[in-house]
Amino acid sequence: MTETPNADSPTTDSAVPAATAAPNAPNAPAVSVVGPGEGETVLLGTTRMRILEDGGTTGHRLGIAESVIAPHTPGPPQHRHAGHDEGFYIVSGSVRFTVGDEEHDAVAGTLVVVPPGAPHTFANVRDEPAVMLSTFTPDPYVRYFRELRDLHAGSGAVTPEAQLRLMRRYATEPAGTPAPGPS
């Protein structure tokens, strides 16, 4: 099981490269370089997520993940976050975003930014995979995906109640419920 860092300490997962300072710059800020195939892989059903920045280099201001979404993947139920903004940049393929009652087909090169409180979901309704780069500001939602992976890896099926409890730990609610307060 992957150790889940708290908001005050960087990750200890060996799959995530450590930040390094420039060799000739004393007291220089650390720089993180994550190459192709590096980072921590999180499998969520038919979606493969690669955590590129878990907040350990950014003072927990920013998390970044790349997701490869298989064809005909329905995505999560529509939900809203109280504690963070999310950004989605479509690298390849097409992702359908539903924001309230509006649908937006985002093709490669499209950026979608979701502020706290906005109900949203996304899906790959096409016949080809889609690749999406996601940002989380601040970063704690990266830990949600690690915990969701662990929840699905446990014994038995994940109940809706267990998934709702996990969402609420990260100030996230289904879109049909009142917006949660700031965490």
Considering A65, A70, A82, which residue is under 22 Å from M167 (Cβ atoms), over 13 Å from the mean Cα position of the chain (by Cα) and touching a residue at least 40 places away in the same chain (Cβ under 8 Å)? A82
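Can you find a residue in region 80-88 that is buried (at least 18 other Cβ atoms within 10 Å of the Cβ), touching a helix residue (DSSP H, G or I) at 6+ places or on another chain (Cβ under 6 Å) and at negative phi? Reasoning before the result, please.
Of all residues in region 80-88, those buried (at least 18 other Cβ atoms within 10 Å of the Cβ) come to 80-81, 84, 86, 88.
Next, only the ones that are touching a helix residue (DSSP H, G or I) at 6+ places or on another chain (Cβ under 6 Å) stay: 84.
In the following step, the residues that additionally are at negative phi were identified as 84.
The answer is yes; a qualifying residue exists.
Here is a yes/no grid of residues against (1) farther than 17 Å from I51 by Cα; (2) of a type in the set (S, T, Y):
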| residue | (1), (2) |
| --- | --- |
| G87 | no, no |
| V91 | no, no |
| T110 | yes, yes |
| A123 | yes, no |
| D127 | yes, no |
| L148 | no, no |
| R169 | yes, no |
Out of region 108-167, which residues are in contact with a helix residue (DSSP H, G or I) (Cβ under 8 Å, 6 or more places away or on another chain) and of a type in the set (A, V, I, L, M)? L148, L151, V158, A162, L166, M167
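Only residues that are closer than 15 Å to P116 by Cα and open to solvent by less than 60 Å² (accessible area, probe 1.4 Å): list them for region 137-173, please.
T137, P138, D139, P140, Y141, M167, Y170, A171, T172, E173
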Which numbered condition trips up A65, out of (1) open to solvent by 30 Å² or more (accessible area, probe 1.4 Å); (2) part of a strand (DSSP E or B); (3) touching a Lys or Arg at 6+ places or on another chain (Cβ under 8 Å)? (1)
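Would it be correct to say that L133 is aliphatic (A, V, I, L, M) and either open to solvent by less than 10 Å² (accessible area, probe 1.4 Å) or closer than 19 Å to E53 by Cβ (or both)? Steps first, please.
Details: aliphatic (A, V, I, L, M): yes; either open to solvent by less than 10 Å² (accessible area, probe 1.4 Å) or closer than 19 Å to E53 by Cβ (or both): yes.
Here the answer is yes, as L133 does meet what is asked.
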Which numbered condition A15 misses (of (1) aliphatic (A, V, I, L, M); (2) out of contact with any helix residue (DSSP H, G or I) (no Cβ under 8 Å at 6 or more places or on another chain); (3) modelled with pLDDT of 95 or more): (3)
Any idea which of (1) among the polar types (S, T, N, Q); (2) under 14 Å from the mean Cα position of the chain (by Cα); (3) surrounded by 20 or more Cβ atoms within 10 Å (Cβ to Cβ) is the one T121 doesn't satisfy? (3)
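The values are calculated or read from the model by the stated rules, or taken from the named source; none is laboratory data. Treat the numbers as computed from the prediction; the structure is a model and nothing was measured. For neighbour counting, all protein chains shown are included, and Cβ atoms are generated from backbone atoms with ideal geometry for every residue, glycine included. Accessible surface areas use protein heavy atoms only, side chains included; no ligands, DNA or RNA. Shrake-Rupley method; radii C 1.70, N 1.55, O 1.52, S 1.80 Å.
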